[in-house]
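The next block holds one structure in the form of structure tokens; read it before the comments.
The values are calculated or read from the model by the stated rules, or taken from the named source; none is laboratory data. Please read these numbers as outputs of a predicted model, since none were measured by experiment. Cβ: placed from backbone, ideal geometry, glycine included. Neighbour counts: every protein chain shown. Please note that ligands, DNA and RNA were not included when accessible areas were found on the heavy atoms of the full protein model with its side chains. Shrake-Rupley method; radii C 1.70, N 1.55, O 1.52, S 1.80 Å.
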Amino acid sequence: MSVPLIGLETEYGIIREDLDTSDPVEESMKLLECCPRKSVFRAWAYHREHTHVDMRGFQVDRLEQDEEEDEFCEQDRQRPYSYWEMKSDRVLVNGARFYNDHTHPEYATPECRTLFDLVAHDLAGEEIVRECVRRRNQDLGGSPLQVFKNNTDYSGHSYGTHDNYLISRRLPFDTWVRYLVPFMVTRQLFAGAGKIGSEGRNDQPFYGLQLSQRSDFVESLLSIETMTKRPIINTRDEPHASTQDYRRLHLIIGDANMSPYATALKVGTTRQVLAVIDQERLPPAIELADPVSDIKRVSRDRTGQVALKRTSGKTITPLEIQEWYLEHAGNSGAEDGDPQESEWVSREWARTLHDLRHQPEKLADRIDWAIKESLFNDFMEAEGLSWKDPVLQSVDLEYHNIDPDRGLYYGMQQAGEVTGLIPEKRIEKALDTPPKGTRAEIRGQMVDRELDRIKKIHWTGIEFDNGDTLDLTDIILPEDVERMLNSNKEQFAWK
Amino acid sequence: MEMNDPLRREEKKESTPDRKDDGPSRPDVSRPGRDDLLKRMKKVDPKQSEKYKQRTGQ
């Protein structure tokens with residue numbers, strides 16, 4: 001299987017509406033403290049992380065952040081909390097990690113094998129964060145704490161939603177980059193969550209609705225950085241698996257989708273493109289002359305028809321690029337994964353590109369930026385506003401509010417105007433059940449059964465109080481999971 | 001099997017790209033749901049995005 005495991009990490013925005021200045025460190029810590037779910041608390045094995053190793057064969061001494069964040073971090077060091085307290089890591093019985101990353105509550109799904117498992121776990125994450133917000137607001141009285149699933153504060157601060165894919169190390173990294181770049185530049189046609197206005201440094205200002213929240217923040221082609229000079233392809237080389245056999249493609253360019261359909265299409269199409277790259281079945285790649293600038297160009301044209309320059313001197317449109325990938329990768333999953341899911345991805349990818357080309361208004365029931373376009377057009381008409389009115393940024397933010405009584409996406413859902421994808425029962429199950437046939441199943445069961453004995457925990461293993469360890473580094477495929485469970489039936493007595 | 005539920009749901013309502021007569025259509029703005037949404041949007045604090053200051057994340 002070309003892409004055996006997939007995962008999503010979402011950093012949420014957090015604010016106290018009753019205070020003039022909200023302290024995200026305090027608020028995020030308090031939020032994590034409110035989590036009622038059974039979990040290993042403050043025991044993440046940070047010594048197992050290797051975030052400074054670059055895919056291009058070198059290591060950096062430190063990761064960069066801007067001066068403002070440097071100052072904040074200096075202030076954080078004066079707080080009466082340890083690093084562990086501020087991070088407040090939790091590992092849940094469903095195998096997920098829920099913690100604070102750079103002052104944002106972050107939900108990292110367990111590793112999943114199937115696309116719809118992943119979407120269910122992403123939605124379960126939303127529900128768990130919401131559960132914590134409810135409890136925190138009960139303590140505070142009223143609903144002063146609000147949390148948003150988005151990627152920007154409209155003032156130049158971005159936080160991420162990363163999609164992750166375990167891929168083979170057999171091919172050179174350059175090959176993955178060459179084939180992925182045009183796809184990633186144009187994936188926002190259906191994966192963009194939409195954003196009012198622009199925030200780019202030294203850019204022409206843009207008024208109105210962009211396709212993507214994140215595109216203004218992409219400044220380089222390749223980089224190990226995630227907080228400055230954000231790249232189209234992140235080069236962090238940390239597979240959380242055998243470094244001989246695997247890479248983890250850690251994509252930081254994506255938006256947080258409120259629409260589960262958009263999440264599924266984003267990850268499903270990317271997985272199918274990775275499969276055909278791995279199988280070396282693609283004709284020569286489309287080479288864009290200026291992909292970094294193209295990211296913004298694509299985001300600011302909702303038709304998908306803007307001309308992008310190729311190194312050959314010719315031009316190509318974002319829609320044509322996506323149609324090229326659909327033609328060559330549309331059926332790749334049928335031979336390389338769950339055939340039913342692959343069929344869904346192929347069909348919906350084709351339908352979405354077709355609708356964008358011929359009847360873009362049809363996207364308004366499932367693609368986040370198009371849902372916003374429909375909603376905001378009605379609002380502007382009713383209120384006599386134009387795209388330049390600043391109130392639209394506030395309305396845009398509210399689309400991402402995870403409070404079901406306030407959030408505009410949830411309002412669309414309650415009105416039956418958006419496509420549902422994952423049955424409620426399946427989301428409920430994902431709250432406390434890890435995805436079957438993955439190492440997350442072992443991790444989750446250990447959290448459930450051996451909570452008091454766990455000293456340290458990580459994606460790749462568990463350390464117990466008595467010195468025993470459980471190494472999950474090589475547990476990638478369902479047969480690996482089965483073999484591990486069968487190899488030590490006393491340890492896994494719950495099986 | 002539960003895993004297939006989303007697929008079955010989609011199969012029921014989705015169209016193929018070359019058929020223009022079915023699949024989702026533009027939301028009907030005259031529906032009561034859309035009116036409620038417009039009311040919800042009017043309640044949004046116009047200064048909300050200005051007050052919403054976040055720190056840089058990854």
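Summary of computed values
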quantity	calculated
Hits in the range A:230-263 - residues which are away from every other protein chain (no Cβ under 12 Å) and basic (Lys, Arg)	A:247, A:248
Every residue from the range A:374-400 that is of a type outside the set (A, V, I, L, M, F, W, C), within 17 Å of residue A:152 (Cβ to Cβ) and within 9 Å of another protein chain (Cβ to nearest Cβ)	A:390, A:393, A:394, A:396, A:398
Subset of the range A:198-227 (residues that are closer than 18 Å to residue B:56 by Cβ, more than 18 Å from the chain's Cα centre (by Cα) and not in a strand (DSSP E or B))	A:198, A:199, A:200, A:201, A:202, A:203
Residues of the range A:170-195 classified as in a loop (DSSP other than H, G, I, E, B) and farther than 20 Å from residue A:207 by Cα, total	4
Of the criteria (1) farther than 27 Å from residue A:152 by Cβ; (2) touching a Phe, Trp or Tyr at 6+ places or on another chain (Cβ under 8 Å), which one residue A:444 fails	(2)
Number of the condition not met by residue A:418 [criteria: (1) more than 7 Å from chain B (Cβ to nearest Cβ); (2) open to solvent by 50 Å² or more (accessible area, probe 1.4 Å)]	(2)
Extreme residue, nearest to residue A:324 (Cα to Cα), among residues of the range A:354-371 that are within 11 Å of another protein chain (Cβ to nearest Cβ) and of a type in the set (D, E, K, R)	A:357
Test for residue A:369: is it touching a strand residue (DSSP E or B) at 6+ places or on another chain (Cβ under 8 Å), over 25 Å from residue A:17 (Cα atoms), crowded, with 21+ Cβ neighbours inside 10 Å and of a type in the set (A, V, I, L, M, F, W, C)	yes
Odd one out for residue A:413, checked against (1) assigned to a helix (DSSP H, G or I); (2) under 25 Å from residue A:97 (Cα atoms)	(2)
Residue ID - surrounded by the most Cβ atoms within 10 Å (Cβ to Cβ), chosen from residues in the range A:421-437 that are more than 9 Å from chain B (Cβ to nearest Cβ) and not in a loop (DSSP other than H, G, I, E, B)	A:430
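Residue by residue, here is whether (1) open to solvent by less than 20 Å² (accessible area, probe 1.4 Å); (2) on the phi > 0 side of the Ramachandran plot; (3) free of Cβ contacts under 8 Å to residues at least 60 places away in the same chain; (4) assigned by TED's automatic domain parsing to the domain that holds residue A:235 holds:
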site: A:18; (1), (2), (3), (4): no, no, no, yes
site: A:29; (1), (2), (3), (4): yes, no, no, yes
site: A:60; (1), (2), (3), (4): no, no, no, yes
site: A:66; (1), (2), (3), (4): no, no, no, yes
site: A:88; (1), (2), (3), (4): yes, yes, no, yes
site: A:95; (1), (2), (3), (4): yes, yes, no, yes
site: A:105; (1), (2), (3), (4): yes, no, no, yes
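Residues checked against (1) modelled with pLDDT of 95 or more; (2) among the hydrophobic types (A, V, I, L, M, F, W, C); (3) touching a helix residue (DSSP H, G or I) at 6+ places or on another chain (Cβ under 9 Å):
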position: A:224; (1), (2), (3): yes, yes, no
position: A:232; (1), (2), (3): yes, yes, yes
position: A:241; (1), (2), (3): yes, yes, no
position: A:247; (1), (2), (3): yes, no, yes
position: A:250; (1), (2), (3): yes, no, no
position: A:258; (1), (2), (3): yes, yes, yes
position: A:261; (1), (2), (3): yes, no, yes
